[in-house]
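*Asks:* This structure is in structure tokens; I'll ask about it shortly.
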Amino acid sequence: MTSYVSRDHLERAAADEATLDRALGHARAFLATLPERPVRADASPAELLAAFGGPLPDDPEDPADVVDRLAAAAGPGLVASQSGRFFGWVIGGALPAALAADWLTSVWDQNAGLLAAAPAAVAAENVAAGWLRDLLALPAGSTVGLTTGACMANFTGILSGRQAVLARAGWDVEVDGLQGAPRIRVLAGDQRHVTVDAALRYAGLGAGRTVLVETDDQGRMRADALARALAEGEAGQPTIVCAAAGNVNTGAFDPLAEVCDLAHARGAWVHVDGAFGLWAAAAPSTRHLAAGAERADSWASDAHKWLNTPYDCGIVAVADAEVHTRALGAHAAYFGAEGDLVDPLALVPDFSRRARGFPVWAALASLGRWGVADLVERCCAHARRLAAAVGALPGADVLNDVVLNQVLLRFTDDTTTDAVVRGLVEDGTVFVTGSTWKGRQAMRVSFSNWRTTDEDVDRTVDAVARVLAAISRPEHSPGRA
Ligand SMILES: *Cc1c(COP(=O)(O)O)cnc(C)c1O
């Protein structure tokens, strides 16, 4: 190669360097605020629109200055979901190795849809896929794709199921579509995650036709109810069963071994939504919860929740590689000799996409098998610690069996429960979200961040006690932490 360093090249390199240096400074400054800043955002949506707003500029701006302005505008509107006291929804933080790998992913800017365009990305993804199969106890021959999240992973699993059950009925849905196809019967627990419904809608199966299977007090599908519901279908009718590994409110698991046995006896496809719960398989003390999951036909999970990669990264796996690639491949894919790499675009709804394999590989490499197990078990221990301490506060009830990382709480009545959630978010020490459980308001606390310590849990208990006390003395508003 000829060396060719012009003035233009030097100027571009200097702009890259100055801009990335500025970003590094902002990144360090942000992470340094985590221990003490309020977890919630400070600015209102209107203030944030104003901060970013104004007409489209006519002229270019120095890229390093743009980064400064971005950090200044976004700063007050950032929610510290990286904080060890962020417990809203199920979100998770970002491990240092995964975060740094994610930066490099942007720097390298590979299009990971195609092996030819991104051989390193595809190789990292393949190795990470093998590690994921191992940790999540998935069958050795299953194919793994990295999606934007578990919603798209559910979609991918259901598309694979749609392909398989219609093919068995003699219908090629990839060629002929759904019009005129045999009707697919879908069964799911009545506490399924909302993204299962979304995935069914996107797959053309509708969300309103699902046979809802009764669940128990923890939101687990009842095996006897599933058996009855399956028996009500016509013999040989294409059927998909959507099961849950980790209810978003309680953390409870459907009886997966029974679900798979019952469904397979009827020739049904079993898809498991294990967005966070499938990670139970990676730790000795929680592994039993996910027992039987390995017998399913497709699985959805997330790396951006419990594995603590940055957004966005979901995981889909399908037991039958041919079904998977037939359902998703934008062009005919084939698996050759063992060790051959396929274009990742054959495994997910995306065509061009980010090289998500780098941060997943880095997260897993930095933790190792025992680090993943420790992360899962620490989060579960935090959940138990919080449930015991908050459950002892006056008027507080723990609504779920704390089997995993989710704690569902209620305070006296709906009004008080909502007020506690609002009061805690405003207080700023922690961030939690409200939920409804069996028709009543609840507060959900999800532990999925590697940063959380016992001290964070204790500060959370103190904050709940402080907010509860303030609510019973309405003349005093809760102080800010
Ligand atoms: C979060 C979640 C989803 C959706 O996952 P995304 O990554 O947000 O798309 C699906 N199912 C369950 C149980 C979840 O907790």
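*Asks:* Would you check if there is a residue in the stretch 138-154 being within 16 Å of the ligand (Cβ to nearest atom), part of a loop (DSSP other than H, G, I, E, B) and surrounded by fewer than 23 Cβ atoms within 10 Å (Cβ to Cβ)? Break it down stepwise before answering.
*Replies:* Restricting attention to the stretch 138-154, the residues satisfying the condition of being within 16 Å of the ligand (Cβ to nearest atom) are 144-154.
Next, from what is left, pick out any that are part of a loop (DSSP other than H, G, I, E, B): 148-149.
Imposing the further condition that a residue be surrounded by fewer than 23 Cβ atoms within 10 Å (Cβ to Cβ) reduces the set to 148-149.
Yes, the conditions are met somewhere in the stretch 138-154.
*Asks:* Another question, if that's okay. Return yes or no: is Arg354 among the basic types (Lys, Arg), in a helix (DSSP H, G or I), open to solvent by 30 Å² or more (accessible area, probe 1.4 Å) and more than 27 Å from Gln441 (Cα to Cα)? Give the steps one after another, and end with the answer.
*Replies:* Values: among the basic types (Lys, Arg): yes; in a helix (DSSP H, G or I): no; open to solvent by 30 Å² or more (accessible area, probe 1.4 Å): yes; more than 27 Å from Gln441 (Cα to Cα): yes.
Judged against the criteria, Arg354 is not a match.
*Asks:* Another one. In the stretch 167-198, what count of residues is obtained for those that are part of a helix (DSSP H, G or I) and either within 16 Å of the ligand (Cβ to nearest atom) or within 29 Å of the chain's Cα centre (by Cα) (or both)? Quick ask: steps written out before the conclusion?
*Replies:* Keep residues of the stretch 167-198 that are part of a helix (DSSP H, G or I), which gives 167-168, 173-176, 194-198.
If we keep only those that are either within 16 Å of the ligand (Cβ to nearest atom) or within 29 Å of the chain's Cα centre (by Cα) (or both) as well, we get 173-174, 194-198.
Number satisfying all stated conditions: 7.
*Asks:* Can you name the number of the only condition in (1) open to solvent by 30 Å² or more (accessible area, probe 1.4 Å); (2) within 17 Å of Ser81 (Cβ to Cβ); (3) in contact with a Leu (Cβ under 6 Å, 6 or more places away or on another chain) that Val432 fails?
*Replies:* The single condition Val432 does not satisfy is (1).
*Asks:* Could you please let me know if Ala373 is within 25 Å of Asp102 (Cβ to Cβ), open to solvent by less than 30 Å² (accessible area, probe 1.4 Å), in contact with a Leu (Cβ under 8 Å, 6 or more places away or on another chain) and touching a residue at least 24 places away in the same chain (Cβ under 8 Å)? Show your work before the answer.
*Replies:* On the way: within 25 Å of Asp102 (Cβ to Cβ): yes; open to solvent by less than 30 Å² (accessible area, probe 1.4 Å): yes; in contact with a Leu (Cβ under 8 Å, 6 or more places away or on another chain): no; touching a residue at least 24 places away in the same chain (Cβ under 8 Å): yes.
No.
*Asks:* Just to verify a result, which residue in the stretch 124-137, among those that are small (Gly, Ala, Ser) and part of a helix (DSSP H, G or I), is farthest from Arg201 (Cα to Cα)? Write out each step before concluding.
*Replies:* Quick first cut of the stretch 124-137, residues small (Gly, Ala, Ser) only: 124, 128-130, 137.
Those left that are additionally part of a helix (DSSP H, G or I): 124, 128-130.
Working: Ala124: 33, Ala128: 30, Ala129: 28, Gly130: 31 Å.
Among those residues, the one meeting the criterion is Ala124.
*Asks:* Can you tell me which residue within the stretch 82-97, out of those that are under 23 Å from Thr250 (Cα atoms) and within 16 Å of the ligand (Cβ to nearest atom), is surrounded by the most Cβ atoms within 10 Å (Cβ to Cβ)?
*Replies:* Phe87
*Asks:* Another question, then. Quick check on this structure: which one of Ala13, Ala46, Ala50, Ala32 is surrounded by fewer than 16 Cβ atoms within 10 Å (Cβ to Cβ) and at pLDDT below 95?
*Replies:* Numbers: Ala46 fails: at pLDDT below 95; Ala50 fails: at pLDDT below 95; Ala32 fails: at pLDDT below 95.
Of the residues listed, the single one that is surrounded by fewer than 16 Cβ atoms within 10 Å (Cβ to Cβ) and at pLDDT below 95 is Ala13.
*Asks:* Among residues belonging to the stretch 385-408 that are closer than 20 Å to Arg85 by Cβ and under 22 Å from the mean Cα position of the chain (by Cα), point out the one that is most open to solvent (accessible area, probe 1.4 Å).
*Replies:* Only one residue tops the list, namely Val402.
*Asks:* Would you confirm, using the coordinates I've provided, whether Val445 is over 15 Å from Ala463 (Cα atoms), touching a Leu at 6+ places or on another chain (Cβ under 8 Å) and either among the aliphatic types (A, V, I, L, M) or assigned to a strand (DSSP E or B) (or both)? Full working, then the answer.
*Replies:* Numbers: over 15 Å from Ala463 (Cα atoms): no; touching a Leu at 6+ places or on another chain (Cβ under 8 Å): yes; either among the aliphatic types (A, V, I, L, M) or assigned to a strand (DSSP E or B) (or both): yes.
It is false that Val445 is over 15 Å from Ala463 (Cα atoms), touching a Leu at 6+ places or on another chain (Cβ under 8 Å) and either among the aliphatic types (A, V, I, L, M) or assigned to a strand (DSSP E or B) (or both).
*Asks:* Quick one: is Ala121 of a type outside the set (Lys, Arg), within 16 Å of the ligand (Cβ to nearest atom), open to solvent by less than 60 Å² (accessible area, probe 1.4 Å) and assigned to a helix (DSSP H, G or I)?
*Replies:* On the way: of a type outside the set (Lys, Arg): yes; within 16 Å of the ligand (Cβ to nearest atom): no; open to solvent by less than 60 Å² (accessible area, probe 1.4 Å): yes; assigned to a helix (DSSP H, G or I): yes.
It is false that Ala121 is of a type outside the set (Lys, Arg), within 16 Å of the ligand (Cβ to nearest atom), open to solvent by less than 60 Å² (accessible area, probe 1.4 Å) and assigned to a helix (DSSP H, G or I).
The values are calculated or read from the model by the stated rules, or taken from the named source; none is laboratory data. Every value quoted in this text rests on a predicted model; they were computed, and no experiment measured them. Cβ: placed from backbone, ideal geometry, glycine included. Neighbour counts: every protein chain shown. Remember, those area values only see protein heavy atoms, side chains included, never the ligands or the DNA or RNA. Shrake-Rupley method; radii C 1.70, N 1.55, O 1.52, S 1.80 Å.
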